[in-house]
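Remarks on the structure that follows.
The values are calculated or read from the model by the stated rules, or taken from the named source; none is laboratory data. It should be emphasised that the depicted structure is a prediction, and the values quoted were computed from it without experimental measurement. Glycine gets a Cβ as well: all are built from the backbone with ideal geometry, and neighbour counts include every protein chain shown. With ligands, DNA and RNA removed, areas are computed over all heavy atoms of the protein, side chains included. Shrake-Rupley method; radii C 1.70, N 1.55, O 1.52, S 1.80 Å.
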Amino acid sequence: MKKILVAMAILFSATLMAQDVKPTFEKQGNLIKGTFFHENGEVRQQGFYNKEGKLHGVWKSYDASGKKIAMGRYDNGVKTGKWFFWAADKLSEVNYSDNQIADVTTWSNKDNVVVNYEN
């Protein structure tokens, strides 16, 4: 299970480089908001960079139809805290410590789970 989640996390990070549609960047306070797109124009990823150009704050990833598939937080370029990955009928919660996977919990659609992780 951890191998799958590591692969999803790598894919989440790597999609920043695999773009055909040009991303947009806008200044919001001390941060730069980056939005990356699928070829069909739907948002692929969205999140923030700090003034050093490192990923910072909440990042979200979406599939080509606009459905959220991943969400997590960076602190000065380091994955931190709880990350969530949605796939088919499962939700996986991955806890990061020092940019490493600390533990993983997975729920299926028959479990009652509510996640509100907005910033």
Inset, instruction - Tell me which residues, restricted to the range 24-59, are small (Gly, Ala, Ser) and farther than 14 Å from residue 77 by Cβ. - result: 29, 41
Inset, instruction - Output the residues belonging to the range 77-100 that are open to solvent by less than 40 Å² (accessible area, probe 1.4 Å), part of a strand (DSSP E or B) and not aromatic (Phe, Trp, Tyr). - result: 79, 81, 91, 92, 93, 94, 95
Legend entry - Qualifying positions in the range 14-23 - under 17 Å from the mean Cα position of the chain (by Cα) and either modelled with pLDDT under 55 or open to solvent by 60 Å² or more (accessible area, probe 1.4 Å) (or both): 14, 15, 16, 17, 18, 19
Legend entry - Cross-chain or 6+ apart pairs with Cβ under 6 Å, the range 55-75 first and of a type in the set (Ser, Thr, Tyr), then surrounded by fewer than 20 Cβ atoms within 10 Å (Cβ to Cβ): 61/69; 62/43; 62/68
Inset, instruction - Give me a count of the residues in the range 42-76 that are of a type in the set (Gly, Ala, Ser) and either under 25 Å from residue 105 (Cβ atoms) or crowded, with 19+ Cβ neighbours inside 10 Å (or both). - result: 5
